[in-house]
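Encoded as C-alpha cells, the structure appears first; notes follow it.
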Amino acid sequence: MAKVIVENLIKIFGDHPERAMKMLQEGKSKEEILQKTKNTVGVFNVSFHVNAGEIFVLMGLSGSGKSTLLRCINRLIEPTSGKVIIDGEKITGMEEKKLREVRRRKLGMVFQRFALFPHRTVLDNVAFGLEVQGLEREERYEKARRVLEVVGLKEWEDSMPAQLSGGMQQRVGLARALASDPDILLMDEAFSALDPLIRKGMQDELLSLQASLNKTIIFVTHDLDEALKIGDRIALMKDGAIIQIGTPEQILIKPANEYVEKFVEDVDMSKVLTAEGVMKKPDAVITPKDGPRQAMRRMRENGISSIFVVSRDRRLAGLVMAEDALRAVEEQKESLDDIIIRDTPRVSPDTPVADLIPLVAETKYPIAVVNDQNVLLGIIVRGSVLAGMVRKGDNDDFVT
C-alpha cells in the first residue's frame, strides 16, 4: 500500500515561474528556460509512490534535484505544481497549522550535517522535538532514553555533542528523528559527511534498525554503492527528472538508457545481484511418496543428475542423486527414505551472489533457494551464478 504518492511534481526557482511553466509545457529544455527566464527548474514532472515499510532511494549527481524533491515532500520547499499525498492526505495546498501537525506526527527528517545543539546534552538533543510538541520533561526524557537505547547510545545521554565521533553524532540525529515515532523518515545525504568506514557502519545500523522498526524511509544519496546497499527501490535522477525507477537488480540488469548504463557500469555485480536474480525455476521436482523409479524418470526427462524432493506445499524435504536412485532401483526398493539427502545447502532469495560463489565451489550439490517457510523457490547451479554476471554483447539482458 502506498504511504507516499508524488504526482507530476514541479519546482521552479525564480521570479516568474509561470513563464517557465509555459516553456516546460512547450517542451523547452532546462537550459533554454534558465537562459530566457532566469528561472531554474529544480524538479521536473516527477511522479512515484513509496510503499509502507519501504526504503526508497533518490539518487543522482550533485544538482540532479534529489534534495529539492525531498524537501518538497514535507514542503520545506514549496512545490510550484503537482501533488504530494501522505496516507491519503494531500499535503500540497494544506493550510500551515495542519501541515505542522502532519510534520510533527508523521514525518521525521535527518540531515547531512548533524544539526545538533552544541550547548545541549545528547539526551536534550534527542528530546528537543518532543519538547516542541509540549510533552512534559519526564515523558520526553523517557521516550528519548528508549530511542537512545535503540541506536546504542544510552550510556552517552549526558555527553555533549563535541565529545562524540561523527558517526555517534549522526546516530543522535537519527534518534532525534525517531523520538516522535514518525511513520516516515526523510534522510537527506544522512551519511555523506562521514568517513567511509563509519559510513558503512551507519548503513548497516540503518538496515538493522529498519528490520525491527519497519519505517517508511525516503533516502537521498549521490553514492551508487550506498543506494544499491540500502534501497528496496531506487529512483535515479538527472536534471530534476526521474530517469528510471526500479530495484537495484532491475537498474543494473536493464538500465533505461545510456546515461543509466554509464552510471552503473563499474558496479561489482557479485555484490549486488542476489540468489533470486540468478536462480533457475525448480520445474522438475518429486514428492516423498514418489519412488526411485519416478525419480529416475523425471531426471531422465529433464536431463538432470539430481532432483529436489518437496512436500505438497512445496516445502523442501531434501535431494535425490541419480546414482543413488539407480542403486535403489537395482535393489528393488520402492521408497525414497534411504536415499534422500536432507542436509543440502540452502540460501535465502536475498543472498548476494558474492556469498554464493564460495558455496558453489565447495559443494557437489545444487543449492536450494528457500523462503522463511522452507518453500523451494529456485535452484542455484554453478553455471547460473557465472551466467548471471556476464552480459550478452550489446544486449542488456543477462545470459541465462
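Data overview
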{"read-out": "Single unsatisfied condition, D195 versus (1) surrounded by fewer than 20 Cβ atoms within 10 Å (Cβ to Cβ); (2) modelled with pLDDT of 80 or more; (3) not aliphatic (A, V, I, L, M)", "value": "(2)"}
{"read-out": "Qualifying residue in segment 134-154 (condition: of a type in the set (K, R) and in contact with a Pro (Cβ under 8 Å, 6 or more places away or on another chain))", "value": "no"}
{"read-out": "Residue in segment 234-241 that is of a type in the set (D, E) and more than 25 Å from T121 (Cβ to Cβ) present", "value": "yes"}
{"read-out": "Qualifying residue in segment 330-338 (condition: surrounded by 15 or more Cβ atoms within 10 Å (Cβ to Cβ), farther than 19 Å from V381 by Cβ and either touching a helix residue (DSSP H, G or I) at 6+ places or on another chain (Cβ under 9 Å) or among the polar types (S, T, N, Q) (or both))", "value": "yes"}
{"read-out": "Residue in segment 82-100 that is at pLDDT below 90, closer than 27 Å to Q169 by Cβ, of a type outside the set (F, W, Y) and touching a strand residue (DSSP E or B) at 6+ places or on another chain (Cβ under 9 Å) present", "value": "no"}
{"read-out": "So E362, is it charged (D, E, K, R), touching a Gly at 6+ places or on another chain (Cβ under 6 Å) and not assigned by TED's automatic domain parsing to the domain that holds L228", "value": "no"}
{"read-out": "Single condition P161 does not satisfy, out of (1) closer than 16 Å to L116 by Cβ; (2) out of contact with any Pro (no Cβ under 9 Å at 6 or more places or on another chain); (3) not aliphatic (A, V, I, L, M)", "value": "(2)"}
{"read-out": "Residue ID - nearest to the chain's Cα centre (by Cα), chosen from residues in segment 353-366 that are within 9 Å of R382 (Cα to Cα) and aliphatic (A, V, I, L, M)", "value": "I357"}
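For (1) of a type in the set (K, R); (2) surrounded by 16 or more Cβ atoms within 10 Å (Cβ to Cβ), each residue gets a yes or a no:
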| site | (1), (2) |
| --- | --- |
| F44 | no, yes |
| H49 | no, yes |
| F56 | no, yes |
| G63 | no, no |
| K66 | yes, yes |
| L69 | no, yes |
| I73 | no, yes |
| P79 | no, yes |
| G82 | no, yes |
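The values are calculated or read from the model by the stated rules, or taken from the named source; none is laboratory data. Just so it is clear, the model here is predicted, and its values are computed rather than measured. Ideal geometry is used to build each Cβ from the backbone, glycine not excepted, and the neighbour counts take in all protein chains shown.
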